[in-house]
Amino acid sequence: MATTILRLPSVLRERGRSRSAHYLDIQLGLFTAPVPLGPRAVGWPDYEVDAINSARIAGCSDAEIRALVRQLLARRKLLLPSVVRDSVPVTRDDEVAKND
């Protein structure tokens, strides 16, 4: 499953929110914090935007949205080790150190 990172204009368009309302939602725990893409660039995984929008459409309360945001942020942390582990090549030095 490929994940697309959406930049702010796309997220605002998807949500139908202004920039200031979007960042207020982040402060209030009603939306996930951005993912840093570079020194001056951020974005949001598309599945997070979709999940929060779906919860809003389903009529979830703010408390339920906050719980969803916590789950989505926890998922990011769970994804990190497997992504890093799978993308870092094993070197000969790593194999020698493991056998010592």
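Taking amide H positions as modeled 1.01 Å from N, with prolines and chain starts lacking one, the residues under 5 Å from residue 6 and 5 or more places away or on another chain are 44, 46.
Extending 7 Å from Cα along the Cβ direction at residue 40 and again at residue 75 yields two label points whose distance is 3.2 nm.
If you take all other residues with their beta carbon under 13 Å from the beta carbon of residue 35, and give Lys and Arg +1 and Asp and Glu -1, the sum is +2. The HN-Hα couplings worked out from phi for the range 50-56 by the Karplus form 6.51 cos²θ - 1.76 cosθ + 1.60 (θ = phi - 60°) are 4, 5, 5, 4, 4, 5, 4 Hz, whole numbers, x standing for Gly and Pro.
In order along the range 60-77, the phi-based Karplus estimate (6.51 cos²θ - 1.76 cosθ + 1.60, θ = phi - 60°) of 3J(HN,Hα) comes to 5, 6, 4, 5, 5, 5, 4, 5, 4, 4, 4, 5, 5, 5, 5, 4, 4, 5 Hz; Gly and Pro are listed as x. Overall form of the range 2-57: oblate. Here a/c, set by the Cα gyration tensor axes a ≥ b ≥ c, is 1.5 or more, and a/b is not larger than b/c. Here the range 1-71 is treated with +1 on each Lys and Arg Cβ and -1 on each Asp and Glu Cβ, and its dipole about the Cα centre works out to around 260 debye.
FYI, it's all coordinate maths here, none of it is from the lab. A quick note: this is a predicted structure, and the numbers were derived from the prediction, not measured. Cβ coordinates were reconstructed from backbone atoms using ideal geometry, including for glycine residues, and neighbour counts include every protein chain displayed.
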